[in-house]
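The values are calculated or read from the model by the stated rules, or taken from the named source; none is laboratory data. On a predicted model such as this, the values are computed, not experimentally measured, just so you know. Neighbour counts are summed over all protein chains in view; Cβ atoms, including those assigned to glycine, are modelled from backbone coordinates with ideal geometry. Just the protein is used for accessible areas: all its heavy atoms, side chains included, with ligands, DNA and RNA removed. Shrake-Rupley method; radii C 1.70, N 1.55, O 1.52, S 1.80 Å.
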Amino acid sequence: MTQPLISLRNITHRFSSAGRTLEVFRDVNLDIQENEVIAILGPSGCGKSTLLRVIIGLETPASGEILYRGERQIGLNPSASLVFQNFALFPWLTINENVELGLANLPWTDAQRQDRLRKTIDAVGLEGFEEAYPKELSGGMKQRVGLARALAVEPELLCMDEPFSALDVLTGETLRNETIDLYVAKDSPVNTILMVTHSITEAVFMATRIVVMQANPGGIRSVLENPLPYPRDEHHPEFKRMSEQLHGMITQTLIPDAAEAHHQLPRQTQHLPQSIPNVSMGRTIGLLEILENEGAMEVFDLSRLVDMGLSELLLVVKAAEMLGWVNTPGQRVEMTAEGRQFLGLNVNERKRRLNALLREIFVFATVLRMLGGSDHGEVDEETVLTQFALHFPHEKPHTLLRTIVAWARYAELFRYSSSRRMILAIKT
């Protein structure tokens, strides 16, 4: 077997803050070969994006080592480049200037840089936009600029961190196809791709090998080879079979068997550092309505019924399970007696019941303690965000804050002033 391009050996990574250490992932071992597309899948918080940054050298692991062509990698890997989810363009630079940034440190003449710039712009379909500024472009065109900037240096390893998730469905579909076209083209600089994605369909469509990660702490659960030839047809039976196989893996990662389910744990364990899924309370209650009408369902069937991506649906299921409203034995979702009881309540009774449930969940209990300890019954947003960053370093604090505020408003647990950026206690 040929020597891997990149090898991860027992990689463990932790975050430390204010004397507290949280493990992001543990003992990760993975070989990345040349001429393959690897997709990393897994639940939110399993460390997918952090692992990508460690591989590139943007972060240093707590232990283990990374080998590049058999030699230990120290610091940034100059043969790797990264395409960001949020475009990461400089608004004051033209498209040409944004793309050319990657070439600034290469020992080339101006003529060589301009030739590479022209070829890269042409390869990603940006002709005619060279003198435009990012504000003049759509999301899809901005991501083409990010891709062009990464490709301009002809990296041996092209890394992509959920590059299509911020785009509309049609634009994302176009760029996925064009990226694979670049990969399979014989004269293309794209040789090896490592991507993070939350979409099972995207992983099966693009990857030659799919890595499924687990959380708490993060690690590799399984690796699945994908021998389907390009171009791939999402309606092909083998495509569907592989998607369903991954559905099972991800489902088991996000909602374990009933013996491990949240509702069966001792009540006090809910006060351990525990985040909440980024879903609305309306959708969570809507899941109960579906189960009331349809009865218990397999997750895959439920996903098709509600026309929702599996990863997104599983977050809704996880939220309902956290509140004790559903059980998830195997890959089946069934409503509990508590869920049926909640559905039978009127609006005000639901608010009171949910208010009591949220008080037992760590993130809400944390905010309530902060409000109780303040002189005026209010806490500024930044103080809360700091606490979230401490307890959940692998999540986006602002996203978590928006979610808990929405849940708390529904339950009349506390209020939030967007103008003052303050969380306010509700006086009884």
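Exactly one residue out of Val363, Val316, Val384 is of a type in the set (A, V, I, L, M), in contact with a Lys or Arg (Cβ under 8 Å, 6 or more places away or on another chain) and within 24 Å of Gly47 (Cβ to Cβ): that is Val316. Contact annotation: residue pairs with Cβ atoms under 6 Å, 6 or more positions apart or on different chains, pairing a residue in region 128-148 that is over 20 Å from Thr179 (Cβ atoms) and of a type in the set (Asp, Glu) with a partner that is in a helix (DSSP H, G or I) and at pLDDT 85 or above, are Glu130/Ile95; Glu130/Asn96.
Consider region 336-354 and keep the residues that are open to solvent by less than 20 Å² (accessible area, probe 1.4 Å) and of a type outside the set (Ser, Thr, Tyr). The one that is nearest to Met297 (Cα to Cα) is Gly339.
Scanning region 196-217 for residues that are over 27 Å from Leu22 (Cα atoms) and of a type outside the set (Phe, Trp, Tyr) yields Ile200, Thr201, Glu202, Ala203, Val204, Met206, Ala207, Thr208, Arg209. Looking across region 393-414, the residues that are within 14 Å of Val367 (Cα to Cα), buried (at least 16 other Cβ atoms within 10 Å of the Cβ) and not aliphatic (A, V, I, L, M) come down to Pro397, Thr403, Trp407, Phe414. Against the list (1) open to solvent by 30 Å² or more (accessible area, probe 1.4 Å); (2) touching a residue at least 12 places away in the same chain (Cβ under 8 Å); (3) among the charged types (D, E, K, R), the condition Lys48 fails is (1).
Enumerate the strands (runs of 3 or more DSSP E) found wholly within region 1-99, keeping only those where 2 or more residues are in contact with a strand residue (DSSP E or B) (Cβ under 8 Å, 6 or more places away or on another chain) and of a type in the set (S, T, N, Q).
Values: elements: 6-17, 20-32, 37-41, 63-68, 80-83.
Those strands (runs of 3 or more DSSP E) span 6-17, 20-32.
Flag: Glu154 does not match the condition of being of a type outside the set (A, V, I, L, M) and either farther than 22 Å from Gln114 by Cβ or in a helix (DSSP H, G or I) (or both).
Taken over region 55-81, the residue count meeting the criterion of being at pLDDT below 90, open to solvent by 50 Å² or more (accessible area, probe 1.4 Å) and out of contact with any His (no Cβ under 9 Å at 6 or more places or on another chain) is 4.
Pairs meeting the criteria (first residue in region 54-69 and of a type in the set (D, E, K, R), second residue open to solvent by 50 Å² or more (accessible area, probe 1.4 Å) and in a strand (DSSP E or B), beta carbons under 8 Å, at least 6 apart or on different chains) are Glu65/Arg9; Glu65/Asn10; Glu65/Arg72.
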